[in-house]
Amino acid sequence: MQVSAGHRPKRQLVPMLERFGGPLIILLGPAIGLIAIFGVLPMLLTIWLSFQDWSTQTGFETARFVGPSNFFEIFSNSSIGRDFKTALVNTAIYTGLSVVIIQPLSVCLGLLVYQRAVPGGVLLRTVLFSTYMVPMIAVALVFSKLYSPTEGPINQIFGWIGIGPQTWLSSPRTALVSIVLLNVWQQVGYFTVLVVAGLTQIPATLYEAAQIDGARKDQQFWRITLPLLNNTLLFSAVIAIINAVQVFEPVALITQGGPVNSTNVLTYHIRRVGIERAQGGLGSAMAVTLMLSLVVAIVALFAFSRRGAKA
């Protein structure tokens, strides 16, 4: 009796697992153990502490279960709730602006770098990626000097064209945007390389066929390049969101959450509440809320991308 092709892989899978199951467990065991110790356990501990009244200056044995009170507190109309909601909104604005600027800019730079007719493409690619390799601490310190109202080169250049000095980091209207531009400068090189990698996967025959059909360059971009870059851009957006949500160094080094809480993002606020004020339960509840918000944002991004692909 002949075995159908559909049942053959299932029968072959059992001997393979019996043969390689032991070595796989040995090879993956250390990695899984490290992920569990340094990833899963801290996450579970944070979730547990979010339901406790606990001071970071004491041991875990002093934690007292209070249920969802910490979550009610951070979303209340008290000063704690107002500060948390301000930090949450600032984080959302910072993340949204970062992604909205980085994505189109990385595509433009990626197309520029990928053009073989343009000389110096490899050098430009190296320069762009090198910005991502610079530590954020160094970038923050340099940009704090660039944004200086009196001595900063940016205001000096503006003065040459008749624009008065701007209070980049000392005004609530411009401080958060200034931190966003810092993040864009540091991150865009990495995402440009991702776009270039995506462009290399697009067959050249598609462009040749489009040229034969008389398609213009802009039509080739909208009908070929952009749709086939969808998966790359989706991955880039996810990484950009995760990186933006974790912003800490520029705020801690330059603005300390000011002026008037305009740059007080969640990571810095969690550190302020959980460590400086020793309110570990409230800080853990804020961290869990941040994690859930990140999960919701990424799931919504995948759903939006899937709907766009079907359309």
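Working carefully through the options Leu97, Leu123, Leu128, Leu105, find the one that is part of a helix (DSSP H, G or I), surrounded by 13 or more Cβ atoms within 10 Å (Cβ to Cβ) and modelled with pLDDT under 90.
Numbers: Leu97 fails: modelled with pLDDT under 90; Leu123 fails: surrounded by 13 or more Cβ atoms within 10 Å (Cβ to Cβ); Leu105 fails: modelled with pLDDT under 90.
Sole residue among the options that is part of a helix (DSSP H, G or I), surrounded by 13 or more Cβ atoms within 10 Å (Cβ to Cβ) and modelled with pLDDT under 90: Leu128.
Kindly indicate which of Val238, Val265, Val195 is closer than 30 Å to Arg82 by Cβ and at pLDDT 90 or above.
On the way: Val238 fails: closer than 30 Å to Arg82 by Cβ; Val195 fails: closer than 30 Å to Arg82 by Cβ.
On inspection, the qualifying residue turns out to be Val265.
Does Gly214 satisfy being free of Cβ contacts under 8 Å to residues at least 24 places away in the same chain, in a loop (DSSP other than H, G, I, E, B) and surrounded by fewer than 17 Cβ atoms within 10 Å (Cβ to Cβ)? Don't jump to the end; show me each part of the working.
Working: free of Cβ contacts under 8 Å to residues at least 24 places away in the same chain: yes; in a loop (DSSP other than H, G, I, E, B): yes; surrounded by fewer than 17 Cβ atoms within 10 Å (Cβ to Cβ): yes.
So Gly214 passes the test.
Step by step: first the residues of the stretch 234-253, then only those that are of a type in the set (A, V, I, L, M) and either without any contact (Cβ under 8 Å) to a residue 12 or more places away in the chain or surrounded by 20 or more Cβ atoms within 10 Å (Cβ to Cβ) (or both), then the one that is farthest from Ala297 (Cα to Cα). Which residue is that?
If we filter the stretch 234-253 for residues that are of a type in the set (A, V, I, L, M), which is where we start, we get 234, 237-242, 244-245, 247, 251-253.
Cutting the leftovers down to either without any contact (Cβ under 8 Å) to a residue 12 or more places away in the chain or surrounded by 20 or more Cβ atoms within 10 Å (Cβ to Cβ) (or both) gives us 237, 240, 244-245, 247, 251.
Working: Ala237: 11, Ala240: 12, Ala244: 12, Val245: 11, Val247: 16, Val251: 23 Å.
Here the residue is Val251.
Of the conditions (1) under 20 Å from the mean Cα position of the chain (by Cα); (2) assigned to a helix (DSSP H, G or I); (3) polar (S, T, N, Q), Ser284 clears all except one; give me its number.
(1)
So, Gly164, is that one outside any helix (DSSP H, G or I), without any contact (Cβ under 8 Å) to a residue 40 or more places away in the chain and over 20 Å from Ser98 (Cβ atoms) or not?
Working: outside any helix (DSSP H, G or I): yes; without any contact (Cβ under 8 Å) to a residue 40 or more places away in the chain: yes; over 20 Å from Ser98 (Cβ atoms): yes.
In short, yes.
Find the residue count for the stretch 153-165, including only residues that are surrounded by 14 or more Cβ atoms within 10 Å (Cβ to Cβ) and either of a type in the set (Phe, Trp, Tyr) or at pLDDT below 85 (or both). So that I can check it myself, show each step before the final result.
First, the residues of the stretch 153-165 that are surrounded by 14 or more Cβ atoms within 10 Å (Cβ to Cβ): 154-155, 158, 165.
Filter once more, keeping what is either of a type in the set (Phe, Trp, Tyr) or at pLDDT below 85 (or both): 158, 165.
Count: 2.
Step by step: first the residues of the stretch 254-267, then only those that are assigned to a helix (DSSP H, G or I) and within 16 Å of the chain's Cα centre (by Cα), then the one that is surrounded by the most Cβ atoms within 10 Å (Cβ to Cβ). Which residue is that?
Start the filter on the stretch 254-267 by keeping residues that are assigned to a helix (DSSP H, G or I), which leaves 254-255, 266-267.
Imposing the further condition that a residue be within 16 Å of the chain's Cα centre (by Cα) reduces the set to 266-267.
Values: Leu266: 25, Thr267: 19.
Applying the filter and picking the extreme gives Leu266.
Output the residues belonging to the stretch 56-68 that are of a type in the set (Ser, Thr, Tyr) and surrounded by fewer than 15 Cβ atoms within 10 Å (Cβ to Cβ).
The answer is Thr58, Thr62.
So that you can scan it fast, the table gives a plain yes or no per residue for (1) in contact with a Ser or Thr (Cβ under 9 Å, 6 or more places away or on another chain); (2) more than 18 Å from Ser55 (Cα to Cα):
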| residue | (1), (2) |
| --- | --- |
| Thr267 | yes, yes |
| Arg271 | no, no |
| Ala278 | yes, no |
| Leu292 | no, yes |
| Phe304 | no, yes |
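Picking from Ala138, Ala175, Ala117, which residue would you name as being over 27 Å from the mean Cα position of the chain (by Cα) and either at pLDDT below 90 or assigned by TED's automatic domain parsing to the domain that holds Ser262 (or both)? Show your work before the answer.
On the way: Ala138 fails: over 27 Å from the mean Cα position of the chain (by Cα); Ala175 fails: over 27 Å from the mean Cα position of the chain (by Cα).
The conditions single out Ala117.
The values are calculated or read from the model by the stated rules, or taken from the named source; none is laboratory data. As the structure is a computational prediction, the values presented were derived from the model and not from experiment. Backbone-built Cβ (ideal geometry, glycine too); neighbour counts: all protein chains shown.
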